[in-house]
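I have placed the structure first, in the form of structure tokens, so that the comments after it can refer back to it.
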Amino acid sequence: MLSFGSVDLVNGTLEVMMNNEDAVAGFQFDISGLSITGASGGSAAANGFSVSASGSTVIGFSLTGATIPASNGILVNVSFNSAGEEFCLSSPVLSDASGAPIQTDLGDCFNGFGCTDMSACNYDPNAVADDC
């Protein structure tokens with residue numbers, strides 16, 4: 001499963017989390033609703049993956065045949081700009097060491113905008129970015 005972790009709208013960064021039961025030898029996914037400016041870190045970097053990111057797509061692979069073992073954590077940190085009111089993961093492709101596809105589910109879209117003023121009549125307890 002791929003999903004969003006922490007999102008920092010001020011600094012334009014977010015975590016893409018991966019919960020995988022099988023080793024992953026490559027990955028690709030899109031994020032709609034924002035413009036990706038880079039991606040690094042996470043289990044992709046820890047396992048020697050090359051990561052390329054721009055526009056709406058992130059791709060990760062290993063030229064040495066390395067894999068990301070079964071785990072539940074940060075796959076990669078993504079930097080972005082031009083975020084809309086909602087952004088979503090889409091078009092996931094994960095593969096195993098033989099190149100076979102791995103079934104991949106996606107988490108919910110991010111829509112953390114709302115009123116963060118607890119005294120306001122339109123307070124949203126799920127909001128992380130104030131738009132009162």
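Condition check: modelled with pLDDT under 95 and within 27 Å of Asn47 (Cα to Cα). Does Asp130 satisfy that? Can you show your working first?
Working: modelled with pLDDT under 95: yes; within 27 Å of Asn47 (Cα to Cα): no.
Here the answer is no, as Asp130 does not meet what is asked.
Only one of these conditions is not met by Ala66: (1) in a strand (DSSP E or B); (2) under 14 Å from Asp96 (Cα atoms). Which number is it?
Failing condition for Ala66: (1).
Criterion first (part of a loop (DSSP other than H, G, I, E, B), open to solvent by 20 Å² or more (accessible area, probe 1.4 Å), within 24 Å of Gly112 (Cβ to Cβ) and touching a strand residue (DSSP E or B) at 6+ places or on another chain (Cβ under 7 Å)) does Glu85 satisfy it?
Judged against the criteria, Glu85 is a match.
Counting only residues that are open to solvent by less than 50 Å² (accessible area, probe 1.4 Å) and not small (Gly, Ala, Ser), which one in the stretch 69-82 is nearest to Asp96 (Cα to Cα)?
Among those that are open to solvent by less than 50 Å² (accessible area, probe 1.4 Å) and not small (Gly, Ala, Ser), it is Leu75.
Here is a list: Gly42, Gly33, Gly5. Which entry is in contact with a Cys (Cβ under 9 Å, 6 or more places away or on another chain) and of a type in the set (Gly, Ala, Ser)?
Details: Gly42 fails: in contact with a Cys (Cβ under 9 Å, 6 or more places away or on another chain); Gly5 fails: in contact with a Cys (Cβ under 9 Å, 6 or more places away or on another chain).
The conditions single out Gly33.
For Ala25, indicate whether it is in contact (Cβ under 8 Å) with a residue 24 or more places away in the chain, closer than 19 Å to Ser98 by Cβ and of a type in the set (A, V, I, L, M, F, W, C).
Against the criterion (in contact (Cβ under 8 Å) with a residue 24 or more places away in the chain, closer than 19 Å to Ser98 by Cβ and of a type in the set (A, V, I, L, M, F, W, C)), Ala25 qualifies.
Quick check: is even one residue across the stretch 6-17 of a type in the set (Val, Ile, Thr) and at pLDDT below 95? Walk me through how you get there before you give the answer.
Initial filter on the stretch 6-17 (of a type in the set (Val, Ile, Thr)): 7, 10, 13, 16.
Narrowing further to those that are at pLDDT below 95: 7, 10.
Yes, the conditions are met somewhere in the stretch 6-17.
Just the residues that are open to solvent by less than 50 Å² (accessible area, probe 1.4 Å), farther than 21 Å from Ile59 by Cβ and outside any strand (DSSP E or B), please, taken from the stretch 93-114.
Gly112 - this is the single residue of the stretch 93-114 that is open to solvent by less than 50 Å² (accessible area, probe 1.4 Å), farther than 21 Å from Ile59 by Cβ and outside any strand (DSSP E or B).
Identify the single condition in (1) surrounded by fewer than 15 Cβ atoms within 10 Å (Cβ to Cβ); (2) farther than 22 Å from Asp130 by Cα; (3) at pLDDT 95 or above; (4) of a type in the set (Gly, Ala, Ser) that Ser32 does not satisfy, given that it satisfies every other one.
Evaluating Ser32 over (1) surrounded by fewer than 15 Cβ atoms within 10 Å (Cβ to Cβ); (2) farther than 22 Å from Asp130 by Cα; (3) at pLDDT 95 or above; (4) of a type in the set (Gly, Ala, Ser) leaves (2) as the failure.
Residue under question is Ala39, and the condition is that it be surrounded by 20 or more Cβ atoms within 10 Å (Cβ to Cβ) and part of a helix (DSSP H, G or I); does it hold?
So Ala39 does not fit the description; no.
Just checking, how many residues over the stretch 20-29 are closer than 17 Å to Cys88 by Cα and either among the polar types (S, T, N, Q) or open to solvent by 50 Å² or more (accessible area, probe 1.4 Å) (or both)?
Final tally of qualifying residues: 1.
Restricted to the stretch 1-19, and to residues that are β-branched (Val, Ile, Thr) and farther than 24 Å from Thr64 by Cβ, which residue is least open to solvent (accessible area, probe 1.4 Å)?
Per the criteria, the residue is Val7.
The values are calculated or read from the model by the stated rules, or taken from the named source; none is laboratory data. Every value quoted in this text rests on a predicted model; they were computed, and no experiment measured them. Reconstructed Cβ throughout: ideal geometry from the backbone, glycine too, with neighbour counts over all protein chains shown. For accessibility, only protein heavy atoms count, side chains too; no ligands or nucleic acids. Shrake-Rupley method; radii C 1.70, N 1.55, O 1.52, S 1.80 Å.
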